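Chemist: Below is a structure I'd like to ask you about.
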Amino acid sequence: MTVLVDPPAWPAHDRLWSHLVSDSSLHELRTFARAAGIPDRAFDLDHYDVPADRYDDLVTAGATPVDGGTLARRLAASGLRVPGHERRRAKRPALLDRWGALWPDAGSVGHAPTSTVHAVGEEVVDRWREPHRVYHGRLHLADTLDALPLLGTRRDEVERRAAVALWFHDAVHDGATPDDEERSAALTRALLEPFVELGGLTRPDLAEVERLVLLTAGHDPDPSDLAGCLVSDADLAILGADPRRYHRYVAQVRAEYGHVTDGDFRAGRGAVLDQLLTLHTGPGLYRTSAGRHRWSDAAEQNLRAELVALAAPDDRR
């Protein structure tokens, strides 16, 4: 693993900035950055933005100085780079626009006011942008929202409830299942209760969204539970990504659990993979026909390949 830093040449906020990246491991990049006193909030999906006055310190600490072009090429070759089109989907304004689109009648008579919709949207988006997140962050939210229409129900109200649930399903994320899901459901209730009182959401809608958030703790909906199947499949869509994208997902997960020792992580992650493969060989990892068609075979290959890599002593994430 090599940590790379380019010269401070990127202007923003009346300062010049460098980029700090790894050519192989987000986990080791985060470990290096924390040891150097770089805050988690400086991490931006695949790199840290560091001010010019920290450049010499980082080189002294072991970062390899390279020019910007070399850094970009090494990052791209590592498979850890987040391309521009993904970045754009995950930006705060883009996410807030998507949140607003869920409430097209906001501000009209009998519906939640636009100000309430916007304030709740800002709080939810900012939770997804918490600095300790690496995988379960704003890009994962955008990915699940993009996956949902690919499952094509043609039942608008069911899909809308599923979409609202996806906004909240990891709104609280500290890495503790099922506590995260239970706290996310409680947050759902707290933030959406005013929508019920103001007429933008029915009480059955709210109860259903809470139920769907809780369901993501186990990803085992009944086949007859269409909304549950939609939420579960959208949340697990990443497992059926192409191998390069799956590699980035695995690296993000390891970095997010950077406080866990390698041995404990291998044991915990192995248990998760075994559970997912048990679902795959049993009732099915994906419960919608579209999800099975799109992602099932690739997901099995990815999961089994990760299990093999997890057992390798030189595995680097």
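Every number in this text was worked out from the coordinates using simple rules, so none of it is lab data. What you see is a predicted model, and the numbers here were worked out from it, not measured in a lab. Note that we place each Cβ from the backbone using ideal geometry, even for glycine, and neighbour counts take in every protein chain shown.
Chemist: Taking the Cα centre of segment 239-311 as origin, work out the dipole magnitude from +1 charges on Lys and Arg Cβ and -1 charges on Asp and Glu Cβ, in debye rounded to 20.
Modeler: On the way: 10 positive and 8 negative charges, 51 e Å.
Around 240 debye, computed over segment 239-311.
Chemist: Also: At Ala9 and Asp97, where each label point lies 7 Å from the Cα along Cα→Cβ, what is the point-to-point distance in nanometres?
Modeler: Those two pseudo-labels are separated by 3.1 nm.
Chemist: So what is the relative contact order of the chain, in percent, for Cα pairs below 8 Å that sit 6 or more residues apart?
Modeler: Numbers: 430 pairs, mean separation 54.3, N = 317.
With pairs under 8 Å counted, the relative contact order is 17 percent.
Chemist: Now for a separate question. Amide H to amide H under 5 Å from Val3: which residues, 5+ apart in sequence or cross-chain, H placed 1.01 Å off N in plane?
Modeler: Excluding prolines and chain starts, which carry no amide H, the hits are Thr64.
Chemist: Oh, and also: Given the alpha-carbon gyration tensor of segment 186-247, what are the semi-axes of its equivalent ellipsoid in whole angstrom, ordered largest first, with each equal to the square root of 5 times an eigenvalue? Spell out each step's value before the answer.
Modeler: On the way: eigenvalues 164, 38, 17 Å².
Semi-axes, largest first: 29, 14, 9 Å.
Chemist: When all alpha-carbon pairs of segment 239-311 are counted, what percent fall beyond 18 Å? Don't jump to the answer; show the numbers that get you there.
Modeler: Details: 1055 of 2628 pairs.
Summing the P(r) tail past 18 Å for segment 239-311 gives 40 percent.
Chemist: Could you give the C-alpha radius of gyration of the chain expressed as a fraction of 2.2 N^0.38 Å, taking N as the number of residues it contains? Intermediate values should be presented prior to the final figure.
Modeler: Working: Rg = 20.6 Å, N = 317, 2.2 N^0.38 = 19.6 Å.
Rg over 2.2 N^0.38 Å, computed on Cα atoms: 1.05.
Chemist: Still on this structure, please answer the following. Rounded, prolate or oblate: pick one for segment 102-164, where a ≥ b ≥ c are the square roots of the eigenvalues of its C-alpha gyration tensor, a/c under 1.5 means rounded, and failing that, prolate if a/b is larger than b/c, else oblate.
Modeler: Numbers: a/c = 3.88, a/b = 1.15, b/c = 3.37.
Oblate is the answer for segment 102-164, as a/c is 1.5 or above yet b/c matches or exceeds a/b.
Chemist: Output the 0 to 90 degree angle, nearest 10, between the alpha-carbon long axis of helix 262-281 and the longest principal axis computed from the alpha carbons of the chain.
Modeler: 40 degrees
Chemist: Given the chain, what percent of its DSSP beta bridges are antiparallel, to the nearest 5? Each step should come with its number before you reach the end.
Modeler: Details: 11 of 13 bridges.
Antiparallel bridges: around 85 percent, rounded to the nearest 5.
Chemist: Note down the net charge around Arg287, summing +1 for each Lys or Arg and -1 for each Asp or Glu among other residues with Cβ under 14 Å from its Cβ.
Modeler: Working: positive: Arg292, Arg294; negative: Asp220, Asp222, Asp225, Asp233, Asp235.
Here the count lands on -3.
Chemist: Between Ser108 and Val272, what FRET efficiency comes out of the Förster formula 1/(1 + (r/R0)^6) with R0 = 35 Å and r the beta carbon distance, rounded to 0.05? Walk me through the intermediate numbers first.
Modeler: Numbers: r = 45 Å, r/R0 = 1.27.
Plugging the Cβ-Cβ distance into 1/(1 + (r/R0)^6) gives 0.20.
Chemist: Ok, one more. Only Cα pairs within less than 10 Å get springs; with that Gaussian network setup on the chain, which residue of Gly218, Gly200, Gly69 has the largest fluctuation?
Modeler: Among Gly218, Gly200, Gly69, the largest GNM mean-square fluctuation belongs to Gly69.
Chemist: Taking only C-alpha pairs under 8 Å that are 6+ residues apart, what is the relative contact order of segment 85-235 in percent?
Modeler: Numbers: 177 pairs, mean separation 37.0, N = 151.
Dividing the mean separation by the residue count of segment 85-235 yields 24 percent.
Chemist: Could you work out the equivalent-ellipsoid semi-axes for segment 1-115, taking the square root of 5 times each eigenvalue of the Cα gyration tensor, largest first, in whole Å?
Modeler: Values: eigenvalues 264, 48, 33 Å².
After diagonalising the Cα gyration tensor, the semi-axes are 36, 15, 13 Å.
Chemist: Still on this structure, please answer the following. In segment 136-202, what is the volume of the convex hull around the alpha carbon atoms, normalised per residue and reported in Å³?
Modeler: Details: hull volume 6.2 nm³, N = 67.
That works out to 93 Å³ per residue.
Chemist: I've got another one for you. Given H placed on each backbone N at 1.01 Å, which residues far from Tyr135 in sequence or on other chains put an amide H within less than 5 Å of it?
Modeler: HN-HN under 5 Å from Tyr135: Glu256.
Chemist: Note the per residue figure in Å³ for the convex hull of the C-alpha positions in segment 139-272.
Modeler: Details: hull volume 15.4 nm³, N = 134.
Given the Cα convex hull of segment 139-272, per-residue volume reads 115 Å³.
Chemist: For Asp126 paired with Thr261, estimate the spin-label separation in nm (one decimal), with each label point 7 Å from Cα along the Cα-to-Cβ line.
Modeler: 3.8 nm
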